[in-house]
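Here is the structure we will look at, set down as structure tokens.
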Amino acid sequence: MHRRAFVRLLAATAASVKAAGLNLAAKGRISPDGLQIRSDLPTLKIVSRYSPAAAPGMPGPFPGRVVAVKSDRCVDTTTNTANDQVVREMMAQGMRALTGATTTADAWRRFFTPADVVGIKVNCGGYPNCISAYEIVGETVRQLLALGIPVSQIYVYERYQNQMDECNYAAHVAEGVQTVAAERANRNTDNSGYDPETYLEANLFGEEDTRSNMMRLVSTRLTKIINIPNMKDHGATGATGCLKNIAYGSFSNVARTHQRGKSHTYSVVGTLAAMEPLRSRTVLQIMDGIRGVWHGGPFARTTKYLFYPKQIMFGTDPVAIDRLLLDIIDNERKAHGAISIWDRSPSSLRIDDGRARDADPNVNIIIREPGHVEYAASLGLGVYDLAKIKVQELTV
Amino acid sequence: MTAAVLALIAAAPCIYWTQGIESRPALESAGIKRLCVPPDQMEVWRKAGFTVTAVSDADLAQREALPAPGITSRAGVASPTRAPWIIASGWRFMREPAGKFGYVLAAPGKAALALAEASAYGADAVVKIDAGDVPSAGAMLAFVDSLPPLDLPPVADFGVVDDGSPIAGEAMNLLARRNLLFEVEKAVSPRFRVNVAIGTPAYPREEAADPSAFAQKIRAQLTDEQRSLRVYGSEVVIARLTSDGRRARLHLINYGGRDIEGLRVRVRGPYHGGDAYVAGTGKVALQDQVAADGAIEFSLPKISAYAVVDLR
């Protein structure tokens, strides 16, 4: 890159920060819509040469709007097997309801054209019991192909190839769909899949590697992204849904944000999700709530904390969906007598004691930050106020 | 010992070899032609065509013993981050540039890294290796020998006054590990904005007792923006930077035991390009270069245990 281009990069960075209404150096503020933002936040520096689209994908054309399609028949809870036909019908009804289209094809056409290169961001972290459902991913691919998008322009992606290999989405989608990852495994030795010029820089715990880089696939290849998270508890963020899946699933070196009992996810999750071009290109959120994890997340190596919300949510606003998710996870925890995801008491904290956390849902290993959803709202990523979120419920 | 032999030892680390001449094929197969051997074996190895230096077990024992380089999972013991603990001796070489050092590597798998570490700092080091490491050691020595000659002064962003104490040594260890480039001084130097003299009011001994926090304090004083060198994409690479202001040579030692792809480096200075030499690979082009605002950034496609980058 020549000097002139690099200067533009810096200029674009300043512009994008300004456009987002951020003063990242500020310590504490009240957002324009009255959200109270905490005062103990680290300084985050955004470097990106990408400008936002005229209408960024998040919050997209439907801010504050969520379609929740429920079905008791979508999963056999005795075998943990989803019902493909029911899921397809849930998908069709959900997409039509979200867009107001009369046909399912028209609903998908609202977001995609045959020229698009589409990435499907799945979540493999809950393998084997709670990952982005094959049935949802498969139906998504079928609809994209039906629009005329070439199979070579459809990518299913995650950060780690070993997780993708475990989940093996290739066996559940059309041949030719590319299932890819940025790194072979979570070993911090493989940076080549990340864009060295698009990153968030922050010194959070004194780490020497202070950058989290966006996946090259996202910054240089994809034109649109579909986000398919799961409804899961998360030890550092309280819950992991749309925001966490798209943010921490598209950047390197993010585990550094939460350790030794403290989590910087409160501001980092939303800041990453708001970075261009990720924000502009993520145009559709399909929250897989067929299965869920109410404790021990994001992992689900056992079925101990598995539950069945039996629903799929559709929207373009990741904040609105995640706001609903916080209550879904918290209510399930309450039903089991577990502490709230909002619990910050020192008595619940057993720092880094994963075994204790896995054994006892009243143990936190990090003080969780479910407030990351509200913080993301303050960045303009969506609507946080439950009173302003319109949920349309359908039953299949 | 002749002056020529002394110069040879000072120029490159030497493999200490106690096996008999029957082991010659393995060494020749690995391309090793230079050895340190017990005095009573000198003649036979010399006649076999090797360049040899006499080093007895007693000689080796008199040298400062160095630990086998690498990483251990001591995260949390002396670091607030998840980074593994790095066992590295670069700070020892900086502390005693004229020192004589010895590695006795009881287990295989560390010889190449030890040779890389000693080479990067130009240390006078004798390395007793496991026989299983002969191929990798030979390859590393061949790589070092293949590097274009370039002798430049080390770059430092601050000074550390060495009072010879263990606590000063441990501070230097942590500073080097974090790629905070310092020069070891006998007294405070006016050349540096930051001079670390442990035991003074600015750097109390009690603070230095927590070397990790101490290194963070100095890092904050320097500011990351003003540091001559930053390494991204790994917490297990230690660098040594030399420069004359127009050219620079950067040594990158990877202690992690696994190849690293896409390591990103930022070097302050008027550099606009360069070449990289990677052990096991050879000469490679720098990737994704950005030269602006008084610094150059680039990525390396892959580094093994050792890479050298020449910037111009």
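At-a-glance table
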item	result
Of all residues making up segment B:257-292, the number that are assigned to a strand (DSSP E or B) and farther than 23 Å from A:Asn213 by Cβ	4
Verdict on A:Tyr375 being within 30 Å of A:Lys224 (Cα to Cα) and of a type outside the set (Lys, Arg)	yes
Filter result for the condition that a residue is β-branched (Val, Ile, Thr), in contact with a helix residue (DSSP H, G or I) (Cβ under 7 Å, 6 or more places away or on another chain), under 16 Å from A:Glu207 (Cα atoms) and in contact (Cβ under 8 Å) with a residue 12 or more places away in the chain, over B:Ile167, B:Ile238, B:Ile253, B:Ile198	B:Ile238
Selection from segment B:164-201 of residues that are in a loop (DSSP other than H, G, I, E, B), over 17 Å from B:Ile86 (Cα atoms) and out of contact with any strand residue (DSSP E or B) (no Cβ under 8 Å at 6 or more places or on another chain)	B:Gly164, B:Ser165, B:Pro190, B:Gly199, B:Pro201
Any hit, segment A:314-324, residues being at negative phi and open to solvent by 10 Å² or more (accessible area, probe 1.4 Å)	yes
Single residue of segment B:194-215 satisfying the filter (open to solvent by 40 Å² or more (accessible area, probe 1.4 Å) and either within 10 Å of chain A (Cβ to nearest Cβ) or of a type outside the set (A, V, I, L, M) (or both)) that is nearest to B:Pro301 (Cα to Cα)	B:Ala213
Any hit, segment A:240-249, residues being at pLDDT 95 or above, within 14 Å of chain B (Cβ to nearest Cβ), crowded, with 24+ Cβ neighbours inside 10 Å and on the phi < 0 side of the Ramachandran plot	no
Some residue of segment A:217-229 being under 18 Å from the mean Cα position of the chain (by Cα), facing chain B (nearest Cβ under 9 Å) and closer than 22 Å to A:Cys242 by Cα	no
Residue within segment A:373-380 that is outside any helix (DSSP H, G or I) and at pLDDT 95 or above present	yes
So A:Asn123, is it crowded, with 21+ Cβ neighbours inside 10 Å and in contact (Cβ under 8 Å) with a residue 12 or more places away in the chain	yes
Selected residue (criterion: farthest from the chain's Cα centre (by Cα)) from residues of segment B:286-301 that are surrounded by fewer than 20 Cβ atoms within 10 Å (Cβ to Cβ) and charged (D, E, K, R)	B:Asp293
Condition broken by A:Val254, with the remaining ones in (1) open to solvent by less than 20 Å² (accessible area, probe 1.4 Å); (2) under 30 Å from A:Phe111 (Cβ atoms); (3) away from chain B (no Cβ under 14 Å); (4) not small (Gly, Ala, Ser) satisfied	(3)
In segment B:261-273, residue nearest to A:Asn186 (Cα to Cα) [restricted to those that are open to solvent by 10 Å² or more (accessible area, probe 1.4 Å) and away from chain A (no Cβ under 13 Å)]	B:Arg268
Strands (runs of 3 or more DSSP E) wholly inside segment A:41-134 that include at least 2 residues being within 23 Å of A:Pro277 (Cα to Cα)	A:45-47, A:118-121
Number of the condition not met by B:Gln221 [criteria: (1) surrounded by fewer than 21 Cβ atoms within 10 Å (Cβ to Cβ); (2) in contact with a helix residue (DSSP H, G or I) (Cβ under 8 Å, 6 or more places away or on another chain); (3) modelled with pLDDT of 95 or more]	(2)
Among the candidates A:Glu208, A:Glu197, A:Glu175, residue that is within 10 Å of chain B (Cβ to nearest Cβ) and part of a loop (DSSP other than H, G, I, E, B)	A:Glu208
Segment A:189-218, residues that are open to solvent by less than 20 Å² (accessible area, probe 1.4 Å), among the charged types (D, E, K, R) and closer than 24 Å to A:Asn162 by Cα	A:Asp190, A:Asp195, A:Asp209, A:Arg211
All positions within segment B:231-260 that are crowded, with 19+ Cβ neighbours inside 10 Å, within 8 Å of chain A (Cβ to nearest Cβ) and not aliphatic (A, V, I, L, M)	B:Tyr232, B:Gly233, B:Ser234, B:Glu235, B:Gly256
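The values are calculated or read from the model by the stated rules, or taken from the named source; none is laboratory data. Note that the structure is a prediction, hence the values are computed from the model and not measured. Glycine gets a Cβ as well: all are built from the backbone with ideal geometry, and neighbour counts include every protein chain shown. Accessible surface is based on the protein model in full, side chains and every heavy atom, while ligands, DNA and RNA are left aside. Shrake-Rupley method; radii C 1.70, N 1.55, O 1.52, S 1.80 Å.
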